[in-house]
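Heads up, the thing below is written out as C-alpha coordinates.
The values are calculated or read from the model by the stated rules, or taken from the named source; none is laboratory data. Since we're looking at a predicted model, the values are computed, not measured. A quick note on method: Cβ atoms are made from the backbone with ideal geometry, for glycine too, and the neighbour counts reach across all protein chains shown.
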Amino acid sequence: MNYKIIDKVEECREVVENLFKNEAIYVDSEGVNLGKHGNLTLLQVGTWNGFVYLFDIQAETKMFQEGGLKRLLESDNVQKVIHACSRDSDALYHHFGVTLNNVFDTQCADLILQENEGRLMATVRKLSDVCEIYGGKKLDNKEEIQKTWNKTIANYWELRPMSSEMIEYACNDVVVLPEIYKNQKRLLEEKNLIEKFKERVHETVHYLLNNSLKDRRNDRISENAKLVLKKIDRAYPTVVDHESIEDEDILAALNRHWTEEDVNTLMTPKVAKIFSNFVLHELRGIEREMDKEGDDFNPDRPPYYFLFRSMNYSNVTIKNLATLLYKRYQIIVFKDICRKYTISSPLYFLRECEVLFLKSIRIKNHRDTLQYKPVILNFYFRMNERDLKDFRQNIIKNPHNVSVTKGFYTFIGYQAKGDHIPSYVRAAATDLKQAIDNAGKNPFPTPKPTRPRRRNYYDDEYYDDEYYDDEYYDDDY
(Lines give C-alpha, C1' and ligand atoms only; values in the text may rest on other atoms or scores of the structure.)
Protein backbone atom coordinates (compact mmCIF):
# COMPACT_ATOMS: atom_id res chain seq x y z
CA MET A 1 0.00 0.00 0.00
CA ASN A 2 1.57 3.30 -1.15
CA TYR A 3 0.49 6.10 1.16
CA LYS A 4 1.69 9.01 3.24
CA ILE A 5 0.09 10.52 6.35
CA ILE A 6 -0.04 14.32 6.29
CA ASP A 7 -0.63 16.07 9.62
CA LYS A 8 1.15 19.44 9.27
CA VAL A 9 -0.01 22.57 7.45
CA GLU A 10 3.34 23.22 5.73
CA GLU A 11 3.55 19.71 4.28
CA CYS A 12 -0.12 19.89 3.31
CA ARG A 13 0.53 23.02 1.22
CA GLU A 14 3.28 21.26 -0.74
CA VAL A 15 1.15 18.18 -1.40
CA VAL A 16 -1.86 20.26 -2.46
CA GLU A 17 0.23 22.17 -5.01
CA ASN A 18 1.30 18.86 -6.55
CA LEU A 19 -2.29 17.57 -6.54
CA PHE A 20 -3.35 20.63 -8.54
CA LYS A 21 -1.29 19.23 -11.42
CA ASN A 22 -3.75 16.31 -11.79
CA GLU A 23 -6.78 16.33 -14.06
CA ALA A 24 -8.63 14.20 -11.49
CA ILE A 25 -8.07 13.13 -7.90
CA TYR A 26 -9.83 10.35 -5.97
CA VAL A 27 -11.38 11.37 -2.68
CA ASP A 28 -13.07 9.90 0.38
CA SER A 29 -13.36 10.80 4.05
CA GLU A 30 -13.82 9.00 7.35
CA GLY A 31 -15.17 10.12 10.68
CA VAL A 32 -17.62 9.49 13.47
CA ASN A 33 -21.18 9.68 12.10
CA LEU A 34 -20.02 11.66 9.10
CA GLY A 35 -22.30 14.63 8.43
CA LYS A 36 -23.54 17.87 9.96
CA HIS A 37 -23.57 16.59 13.55
CA GLY A 38 -20.63 14.18 13.30
CA ASN A 39 -16.86 14.57 13.18
CA LEU A 40 -14.73 14.28 10.03
CA THR A 41 -11.31 13.03 11.11
CA LEU A 42 -9.57 11.83 7.92
CA LEU A 43 -9.51 12.93 4.28
CA GLN A 44 -8.10 10.49 1.73
CA VAL A 45 -6.88 11.79 -1.64
CA GLY A 46 -5.52 9.35 -4.20
CA THR A 47 -3.84 9.81 -7.57
CA TRP A 48 -4.25 7.84 -10.80
CA ASN A 49 -1.17 5.69 -10.04
CA GLY A 50 -2.59 4.41 -6.73
CA PHE A 51 -0.69 6.63 -4.29
CA VAL A 52 -2.82 7.86 -1.38
CA TYR A 53 -2.37 10.91 0.84
CA LEU A 54 -4.04 10.52 4.23
CA PHE A 55 -4.74 14.00 5.60
CA ASP A 56 -5.13 13.57 9.35
CA ILE A 57 -7.80 16.16 10.13
CA GLN A 58 -8.07 14.84 13.68
CA ALA A 59 -4.49 16.05 14.20
CA GLU A 60 -4.72 19.35 12.29
CA THR A 61 -7.97 20.98 11.14
CA LYS A 62 -6.14 24.03 9.75
CA MET A 63 -5.14 22.00 6.70
CA PHE A 64 -8.42 22.96 5.02
CA GLN A 65 -8.00 26.73 5.21
CA GLU A 66 -4.26 27.26 5.66
CA GLY A 67 -3.08 24.06 3.98
CA GLY A 68 -5.07 24.55 0.77
CA LEU A 69 -7.46 21.58 0.96
CA LYS A 70 -10.50 23.88 0.74
CA ARG A 71 -9.11 25.51 -2.40
CA LEU A 72 -8.42 22.08 -3.94
CA LEU A 73 -11.86 20.61 -3.17
CA GLU A 74 -13.62 23.73 -4.51
CA SER A 75 -11.47 24.03 -7.64
CA ASP A 76 -13.01 24.06 -11.13
CA ASN A 77 -9.79 22.71 -12.62
CA VAL A 78 -9.39 19.39 -10.78
CA GLN A 79 -12.16 16.80 -10.86
CA LYS A 80 -12.93 15.08 -7.56
CA VAL A 81 -13.95 11.44 -8.02
CA ILE A 82 -15.96 10.23 -5.01
CA HIS A 83 -18.39 7.40 -4.31
CA ALA A 84 -21.66 8.56 -2.66
CA CYS A 85 -20.51 12.07 -1.79
CA SER A 86 -23.59 13.49 -0.01
CA ARG A 87 -22.45 12.86 3.57
CA ASP A 88 -18.88 13.92 2.77
CA SER A 89 -20.31 17.13 1.30
CA ASP A 90 -22.52 17.69 4.35
CA ALA A 91 -19.59 17.28 6.76
CA LEU A 92 -17.15 19.38 4.73
CA TYR A 93 -19.62 22.24 4.42
CA HIS A 94 -20.81 22.42 8.02
CA HIS A 95 -17.47 21.83 9.75
CA PHE A 96 -14.94 23.44 7.41
CA GLY A 97 -16.91 25.74 5.11
CA VAL A 98 -15.98 23.66 2.05
CA THR A 99 -18.40 23.44 -0.88
CA LEU A 100 -17.46 20.46 -3.03
CA ASN A 101 -17.12 21.40 -6.69
CA ASN A 102 -16.41 19.62 -9.99
CA VAL A 103 -17.40 16.21 -8.62
CA PHE A 104 -17.67 12.87 -10.43
CA ASP A 105 -19.78 10.67 -8.15
CA THR A 106 -19.41 6.99 -9.08
CA GLN A 107 -22.65 6.01 -7.36
CA CYS A 108 -24.51 8.68 -9.36
CA ALA A 109 -22.91 7.48 -12.58
CA ASP A 110 -24.07 3.93 -11.87
CA LEU A 111 -27.63 5.15 -11.17
CA ILE A 112 -27.77 7.15 -14.41
CA LEU A 113 -26.46 4.19 -16.41
CA GLN A 114 -29.08 1.90 -14.83
CA GLU A 115 -31.85 4.39 -15.60
CA ASN A 116 -30.65 4.56 -19.20
CA GLU A 117 -31.28 0.81 -19.39
CA GLY A 118 -34.90 1.37 -18.34
CA ARG A 119 -34.74 1.12 -14.55
CA LEU A 120 -37.28 3.30 -12.72
CA MET A 121 -36.04 2.35 -9.24
CA ALA A 122 -32.32 1.98 -9.86
CA THR A 123 -30.36 0.04 -7.24
CA VAL A 124 -28.24 2.25 -4.96
CA ARG A 125 -25.04 0.23 -4.91
CA LYS A 126 -22.21 0.13 -2.39
CA LEU A 127 -18.66 0.76 -3.57
CA SER A 128 -17.81 -2.95 -3.41
CA ASP A 129 -20.69 -3.75 -5.79
CA VAL A 130 -19.73 -0.92 -8.16
CA CYS A 131 -16.18 -2.34 -8.24
CA GLU A 132 -17.47 -5.68 -9.49
CA ILE A 133 -19.42 -4.04 -12.32
CA TYR A 134 -16.97 -1.41 -13.57
CA GLY A 135 -13.61 -2.85 -12.55
CA GLY A 136 -11.33 -2.04 -9.69
CA LYS A 137 -9.77 -3.97 -6.86
CA LYS A 138 -12.16 -6.21 -4.95
CA LEU A 139 -12.98 -4.81 -1.51
CA ASP A 140 -12.99 -7.34 1.32
CA ASN A 141 -13.75 -7.18 5.04
CA LYS A 142 -15.44 -3.74 4.96
CA GLU A 143 -18.57 -5.00 6.72
CA GLU A 144 -16.60 -6.48 9.62
CA ILE A 145 -14.69 -3.25 10.21
CA GLN A 146 -17.88 -1.22 9.97
CA LYS A 147 -19.49 -3.52 12.52
CA THR A 148 -16.58 -2.80 14.88
CA TRP A 149 -17.38 0.90 15.11
CA ASN A 150 -21.14 0.30 15.03
CA LYS A 151 -21.14 -2.15 17.92
CA THR A 152 -18.08 -1.59 20.10
CA ILE A 153 -15.83 1.41 19.31
CA ALA A 154 -17.97 4.44 18.54
CA ASN A 155 -15.00 6.77 18.00
CA TYR A 156 -13.06 4.27 15.86
CA TRP A 157 -11.98 6.94 13.36
CA GLU A 158 -10.76 9.26 16.12
CA LEU A 159 -8.24 6.72 17.44
CA ARG A 160 -4.61 7.73 17.01
CA PRO A 161 -2.15 6.54 15.94
CA MET A 162 -4.11 4.87 13.16
CA SER A 163 -3.83 1.09 13.05
CA SER A 164 -2.74 -0.78 9.93
CA GLU A 165 -6.36 -1.93 9.59
CA MET A 166 -7.61 1.67 9.54
CA ILE A 167 -4.97 2.73 7.01
CA GLU A 168 -5.72 -0.18 4.68
CA TYR A 169 -9.47 0.47 4.88
CA ALA A 170 -9.03 4.19 4.17
CA CYS A 171 -6.65 3.66 1.25
CA ASN A 172 -8.73 0.95 -0.40
CA ASP A 173 -11.73 3.27 -0.73
CA VAL A 174 -9.81 5.51 -3.12
CA VAL A 175 -7.36 3.20 -4.92
CA VAL A 176 -10.30 1.40 -6.59
CA LEU A 177 -11.74 4.62 -8.03
CA PRO A 178 -9.46 5.35 -11.05
CA GLU A 179 -10.53 2.21 -12.95
CA ILE A 180 -14.21 2.77 -12.12
CA TYR A 181 -13.95 6.43 -13.17
CA LYS A 182 -12.34 5.57 -16.50
CA ASN A 183 -14.98 2.99 -17.42
CA GLN A 184 -17.99 4.97 -16.20
CA LYS A 185 -16.88 8.17 -17.91
CA ARG A 186 -16.45 6.31 -21.20
CA LEU A 187 -19.95 4.79 -20.93
CA LEU A 188 -21.57 8.11 -20.04
CA GLU A 189 -19.94 9.78 -23.03
CA GLU A 190 -20.83 6.95 -25.41
CA LYS A 191 -24.48 7.08 -24.33
CA ASN A 192 -24.65 10.90 -24.37
CA LEU A 193 -25.54 11.04 -20.66
CA ILE A 194 -22.99 13.58 -19.40
CA GLU A 195 -25.43 16.49 -18.96
CA LYS A 196 -28.00 14.37 -17.14
CA PHE A 197 -25.20 13.00 -14.99
CA LYS A 198 -23.95 16.50 -14.08
CA GLU A 199 -27.45 17.53 -12.97
CA ARG A 200 -27.75 14.46 -10.76
CA VAL A 201 -24.31 15.01 -9.24
CA HIS A 202 -25.21 18.61 -8.38
CA GLU A 203 -28.31 17.33 -6.60
CA THR A 204 -26.30 14.68 -4.74
CA VAL A 205 -23.64 17.14 -3.58
CA HIS A 206 -26.19 19.65 -2.28
CA TYR A 207 -29.42 17.87 -1.31
CA LEU A 208 -28.48 17.50 2.37
CA LEU A 209 -27.74 21.24 2.39
CA ASN A 210 -30.80 22.38 0.44
CA ASN A 211 -34.35 21.35 1.35
CA SER A 212 -35.75 22.16 -2.10
CA LEU A 213 -33.26 19.77 -3.71
CA LYS A 214 -34.07 17.15 -1.09
CA ASP A 215 -37.79 17.53 -1.85
CA ARG A 216 -37.15 17.31 -5.59
CA ARG A 217 -35.12 14.14 -5.12
CA ASN A 218 -37.76 12.53 -2.89
CA ASP A 219 -40.56 13.52 -5.28
CA ARG A 220 -38.75 11.96 -8.24
CA ILE A 221 -38.22 8.67 -6.41
CA SER A 222 -41.82 8.63 -5.13
CA GLU A 223 -43.30 9.28 -8.57
CA ASN A 224 -41.21 6.50 -10.09
CA ALA A 225 -42.30 4.14 -7.31
CA LYS A 226 -45.96 4.93 -8.06
CA LEU A 227 -45.39 4.09 -11.72
CA VAL A 228 -43.94 0.74 -10.69
CA LEU A 229 -47.01 0.01 -8.54
CA LYS A 230 -49.09 0.24 -11.71
CA LYS A 231 -46.59 -2.04 -13.41
CA ILE A 232 -47.17 -4.67 -10.69
CA ASP A 233 -50.89 -4.72 -11.44
CA ARG A 234 -50.20 -5.41 -15.12
CA ALA A 235 -47.37 -7.89 -14.56
CA TYR A 236 -49.20 -10.32 -12.27
CA PRO A 237 -52.77 -11.44 -13.02
CA THR A 238 -53.04 -12.98 -9.54
CA VAL A 239 -51.47 -12.50 -6.11
CA VAL A 240 -47.91 -13.86 -5.98
CA ASP A 241 -45.42 -14.53 -3.21
CA HIS A 242 -42.18 -12.62 -2.79
CA GLU A 243 -40.13 -15.52 -4.18
CA SER A 244 -41.94 -15.26 -7.53
CA ILE A 245 -40.91 -11.64 -8.10
CA GLU A 246 -37.64 -11.20 -10.01
CA ASP A 247 -38.10 -7.65 -11.33
CA GLU A 248 -35.72 -5.43 -9.33
CA ASP A 249 -37.84 -2.32 -9.88
CA ILE A 250 -40.87 -4.06 -8.38
CA LEU A 251 -38.88 -5.29 -5.39
CA ALA A 252 -37.50 -1.78 -4.84
CA ALA A 253 -40.97 -0.21 -5.08
CA LEU A 254 -42.42 -2.70 -2.61
CA ASN A 255 -39.56 -1.84 -0.26
CA ARG A 256 -40.61 1.82 -0.11
CA HIS A 257 -42.01 3.04 3.21
CA TRP A 258 -45.65 3.20 2.16
CA THR A 259 -48.13 4.42 4.76
CA GLU A 260 -51.50 2.79 5.39
CA GLU A 261 -53.09 5.66 3.46
CA ASP A 262 -50.75 4.98 0.53
CA VAL A 263 -51.75 1.32 0.55
CA ASN A 264 -55.44 2.25 0.45
CA THR A 265 -55.18 4.97 -2.20
CA LEU A 266 -52.32 3.91 -4.50
CA MET A 267 -52.67 0.13 -4.56
CA THR A 268 -55.36 -2.09 -6.00
CA PRO A 269 -56.52 -4.90 -3.66
CA LYS A 270 -54.29 -7.34 -5.56
CA VAL A 271 -51.20 -5.12 -5.28
CA ALA A 272 -51.99 -4.43 -1.61
CA LYS A 273 -52.01 -8.18 -0.96
CA ILE A 274 -48.70 -8.63 -2.81
CA PHE A 275 -47.32 -5.77 -0.72
CA SER A 276 -48.53 -7.42 2.51
CA ASN A 277 -46.83 -10.67 1.50
CA PHE A 278 -43.63 -8.73 0.81
CA VAL A 279 -43.73 -6.95 4.19
CA LEU A 280 -44.26 -10.23 6.03
CA HIS A 281 -41.37 -11.80 4.12
CA GLU A 282 -39.07 -8.91 5.07
CA LEU A 283 -40.18 -8.98 8.71
CA ARG A 284 -39.47 -12.69 8.95
CA GLY A 285 -36.06 -12.07 7.38
CA ILE A 286 -35.26 -9.52 10.10
CA GLU A 287 -36.55 -11.98 12.71
CA ARG A 288 -34.30 -14.76 11.41
CA GLU A 289 -31.30 -12.44 11.44
CA MET A 290 -32.06 -11.33 15.00
CA ASP A 291 -32.47 -14.96 16.10
CA LYS A 292 -29.14 -15.86 14.51
CA GLU A 293 -27.12 -12.86 15.68
CA GLY A 294 -28.69 -12.19 19.09
CA ASP A 295 -27.11 -9.17 20.79
CA ASP A 296 -24.49 -9.19 18.02
CA PHE A 297 -27.18 -8.04 15.55
CA ASN A 298 -25.95 -4.91 13.76
CA PRO A 299 -28.77 -2.32 13.81
CA ASP A 300 -29.15 0.22 11.03
CA ARG A 301 -31.49 3.03 10.01
CA PRO A 302 -33.54 1.41 7.17
CA PRO A 303 -34.91 -1.47 9.31
CA TYR A 304 -35.97 1.05 11.96
CA TYR A 305 -38.20 2.91 9.51
CA PHE A 306 -39.48 -0.34 8.04
CA LEU A 307 -40.49 -1.66 11.48
CA PHE A 308 -41.95 1.68 12.55
CA ARG A 309 -44.18 1.86 9.47
CA SER A 310 -45.16 -1.79 9.72
CA MET A 311 -46.38 -1.35 13.30
CA ASN A 312 -49.00 1.08 11.99
CA TYR A 313 -50.52 -1.17 9.33
CA SER A 314 -54.02 -2.52 9.96
CA ASN A 315 -52.97 -6.07 9.04
CA VAL A 316 -52.89 -7.70 12.48
CA THR A 317 -50.20 -10.27 11.62
CA ILE A 318 -47.87 -7.58 10.27
CA LYS A 319 -48.63 -5.19 13.12
CA ASN A 320 -47.98 -7.75 15.87
CA LEU A 321 -44.78 -9.13 14.36
CA ALA A 322 -43.41 -5.64 13.63
CA THR A 323 -44.18 -4.51 17.19
CA LEU A 324 -42.40 -7.54 18.63
CA LEU A 325 -39.33 -7.00 16.42
CA TYR A 326 -39.29 -3.26 17.15
CA LYS A 327 -39.10 -3.97 20.88
CA ARG A 328 -36.29 -6.51 20.35
CA TYR A 329 -34.51 -4.02 18.11
CA GLN A 330 -34.81 -1.31 20.77
CA ILE A 331 -33.36 -3.59 23.47
CA ILE A 332 -30.34 -4.37 21.28
CA VAL A 333 -29.77 -0.69 20.46
CA PHE A 334 -30.02 0.37 24.11
CA LYS A 335 -27.57 -2.39 25.10
CA ASP A 336 -25.16 -1.10 22.45
CA ILE A 337 -25.51 2.44 23.81
CA CYS A 338 -24.78 1.29 27.37
CA ARG A 339 -21.79 -0.76 26.21
CA LYS A 340 -20.19 1.83 23.91
CA TYR A 341 -20.79 5.09 25.73
CA THR A 342 -20.54 6.83 29.08
CA ILE A 343 -22.50 9.83 30.34
CA SER A 344 -19.63 12.05 29.15
CA SER A 345 -19.68 10.75 25.55
CA PRO A 346 -20.52 13.53 23.06
CA LEU A 347 -23.84 13.47 21.24
CA TYR A 348 -22.21 13.15 17.83
CA PHE A 349 -21.06 9.63 18.73
CA LEU A 350 -24.67 8.45 18.41
CA ARG A 351 -25.58 6.58 15.24
CA GLU A 352 -28.75 7.57 13.44
CA CYS A 353 -30.73 4.50 14.53
CA GLU A 354 -29.64 5.16 18.13
CA VAL A 355 -30.92 8.73 17.88
CA LEU A 356 -34.23 7.49 16.47
CA PHE A 357 -34.80 5.04 19.32
CA LEU A 358 -33.80 7.62 21.93
CA LYS A 359 -36.30 10.06 20.44
CA SER A 360 -39.01 7.41 20.69
CA ILE A 361 -38.78 7.45 24.49
CA ARG A 362 -41.71 9.11 26.27
CA ILE A 363 -40.92 10.21 29.82
CA LYS A 364 -43.95 11.74 31.54
CA ASN A 365 -42.93 11.54 35.18
CA HIS A 366 -40.22 10.41 37.56
CA ARG A 367 -41.52 6.85 37.52
CA ASP A 368 -40.81 6.62 33.77
CA THR A 369 -37.15 7.53 34.33
CA LEU A 370 -36.68 4.39 36.43
CA GLN A 371 -37.11 2.22 33.31
CA TYR A 372 -33.83 3.38 31.75
CA LYS A 373 -30.12 3.23 32.51
CA PRO A 374 -28.44 6.55 33.42
CA VAL A 375 -26.53 6.72 30.12
CA ILE A 376 -29.80 6.36 28.16
CA LEU A 377 -31.49 9.13 30.17
CA ASN A 378 -28.43 11.34 29.85
CA PHE A 379 -28.42 11.11 26.06
CA TYR A 380 -32.21 11.55 25.90
CA PHE A 381 -32.23 14.78 27.89
CA ARG A 382 -29.12 16.20 26.20
CA MET A 383 -30.69 15.53 22.80
CA ASN A 384 -33.83 17.33 23.93
CA GLU A 385 -31.74 20.30 25.03
CA ARG A 386 -29.93 20.43 21.67
CA ASP A 387 -33.16 20.15 19.67
CA LEU A 388 -34.86 22.86 21.72
CA LYS A 389 -31.90 25.20 21.24
CA ASP A 390 -31.74 24.47 17.50
CA PHE A 391 -35.46 25.21 17.14
CA ARG A 392 -35.02 28.47 19.04
CA GLN A 393 -32.25 29.56 16.68
CA ASN A 394 -34.42 28.72 13.67
CA ILE A 395 -37.39 30.69 14.93
CA ILE A 396 -35.20 33.70 15.75
CA LYS A 397 -33.48 33.66 12.33
CA ASN A 398 -36.44 32.64 10.13
CA PRO A 399 -39.71 33.16 12.04
CA HIS A 400 -41.78 33.23 8.82
CA ASN A 401 -40.56 29.77 7.78
CA VAL A 402 -41.27 28.07 11.12
CA SER A 403 -44.60 26.67 12.26
CA VAL A 404 -45.40 25.46 15.77
CA THR A 405 -48.01 22.78 16.38
CA LYS A 406 -50.16 22.63 19.49
CA GLY A 407 -48.56 19.32 20.36
CA PHE A 408 -45.04 20.71 20.19
CA TYR A 409 -45.94 23.87 22.12
CA THR A 410 -47.51 21.75 24.84
CA PHE A 411 -44.45 19.48 24.88
CA ILE A 412 -42.24 22.56 25.39
CA GLY A 413 -44.38 23.68 28.32
CA TYR A 414 -44.05 20.25 29.87
CA GLN A 415 -40.26 20.28 29.37
CA ALA A 416 -40.07 23.71 31.00
CA LYS A 417 -41.69 22.74 34.28
CA GLY A 418 -41.37 18.99 34.94
CA ASP A 419 -39.65 18.35 38.28
CA HIS A 420 -37.92 15.27 36.87
CA ILE A 421 -36.58 17.24 33.87
CA PRO A 422 -32.92 18.37 34.27
CA SER A 423 -32.47 22.10 34.85
CA TYR A 424 -30.55 22.61 31.59
CA VAL A 425 -33.49 21.18 29.60
CA ARG A 426 -36.01 23.28 31.53
CA ALA A 427 -33.94 26.39 30.78
CA ALA A 428 -33.75 25.58 27.06
CA ALA A 429 -37.51 24.92 26.93
CA THR A 430 -38.29 28.17 28.77
CA ASP A 431 -36.11 30.16 26.35
CA LEU A 432 -37.75 28.51 23.34
CA LYS A 433 -41.26 29.13 24.66
CA GLN A 434 -40.39 32.80 25.10
CA ALA A 435 -38.97 32.98 21.56
CA ILE A 436 -42.14 31.40 20.14
CA ASP A 437 -44.34 33.87 22.02
CA ASN A 438 -42.18 36.82 20.93
CA ALA A 439 -42.44 35.70 17.30
CA GLY A 440 -46.23 35.49 17.55
CA LYS A 441 -46.16 31.74 16.85
CA ASN A 442 -48.11 30.57 19.91
CA PRO A 443 -50.63 28.11 18.37
CA PHE A 444 -53.11 28.76 21.18
CA PRO A 445 -54.76 32.12 20.36
CA THR A 446 -56.27 32.46 23.81
CA PRO A 447 -54.97 31.22 27.16
CA LYS A 448 -55.89 27.61 27.82
CA PRO A 449 -58.21 27.14 30.81
CA THR A 450 -56.40 25.95 33.87
CA ARG A 451 -57.25 22.55 35.25
CA PRO A 452 -56.77 21.31 38.79
CA ARG A 453 -53.55 19.39 39.18
CA ARG A 454 -53.94 15.80 40.28
CA ARG A 455 -51.89 13.92 42.79
CA ASN A 456 -49.79 11.01 41.53
CA TYR A 457 -49.57 8.71 44.52
CA TYR A 458 -47.06 6.39 42.84
CA ASP A 459 -44.08 8.71 42.90
CA ASP A 460 -45.30 11.50 45.19
CA GLU A 461 -45.08 14.07 42.38
CA TYR A 462 -47.63 16.16 40.55
CA TYR A 463 -48.35 15.94 36.87
CA ASP A 464 -50.77 17.55 34.49
CA ASP A 465 -52.74 15.20 32.24
CA GLU A 466 -53.29 18.01 29.77
CA TYR A 467 -49.78 17.55 28.43
CA TYR A 468 -50.72 14.08 27.26
CA ASP A 469 -54.18 14.70 25.82
CA ASP A 470 -54.32 13.27 22.30
CA GLU A 471 -55.59 16.63 21.08
CA TYR A 472 -52.32 18.30 21.97
CA TYR A 473 -49.59 15.70 22.02
CA ASP A 474 -47.85 15.15 18.68
CA ASP A 475 -45.56 12.14 18.47
CA ASP A 476 -43.90 13.58 15.38
CA TYR A 477 -42.76 16.80 16.96
**Fill in**
Subset of the stretch 68-90, residues touching a residue at least 60 places away in the same chain (Cβ under 8 Å) and touching a Lys or Arg at 6+ places or on another chain (Cβ under 7 Å), comes to D90
**Prompt:** Looking at the stretch 1-68, what strands (runs of 3 or more DSSP E) fall wholly within it and have at least 3 residues that are modelled with pLDDT of 95 or more and buried (at least 22 other Cβ atoms within 10 Å of the Cβ)?
**Reply:** 24-32, 39-46, 52-56
**Prompt:** When the residues of the stretch 204-257 are filtered to those that are surrounded by 18 or more Cβ atoms within 10 Å (Cβ to Cβ) and polar (S, T, N, Q), which remaining residue is farthest from the chain's Cα centre (by Cα)?
**Reply:** N224
**Residue identified as closer than 14 Å to T106 by Cβ, assigned to a helix (DSSP H, G or I), of a type in the set (F, W, Y) and in contact (Cβ under 8 Å) with a residue 24 or more places away in the chain among Y169, Y181** = Y181
**Asked** Residue check: is V404 surrounded by 17 or more Cβ atoms within 10 Å (Cβ to Cβ), in a loop (DSSP other than H, G, I, E, B) and outside the structural domain of H37 (by TED's automatic domain parsing)?
**Response** yes
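Can you report the number of residues in the stretch 369-394 which are in a helix (DSSP H, G or I) and under 21 Å from T342 (Cα atoms)?
15
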**Asked** Which condition breaks for G50 when tested against (1) in contact with a Leu (Cβ under 9 Å, 6 or more places away or on another chain); (2) within 23 Å of N2 (Cβ to Cβ)?
**Response** (1)
**Complete set of residues in the stretch 185-234 that are of a type in the set (S, T, Y) and in a helix (DSSP H, G or I)** = T204, S212, S222
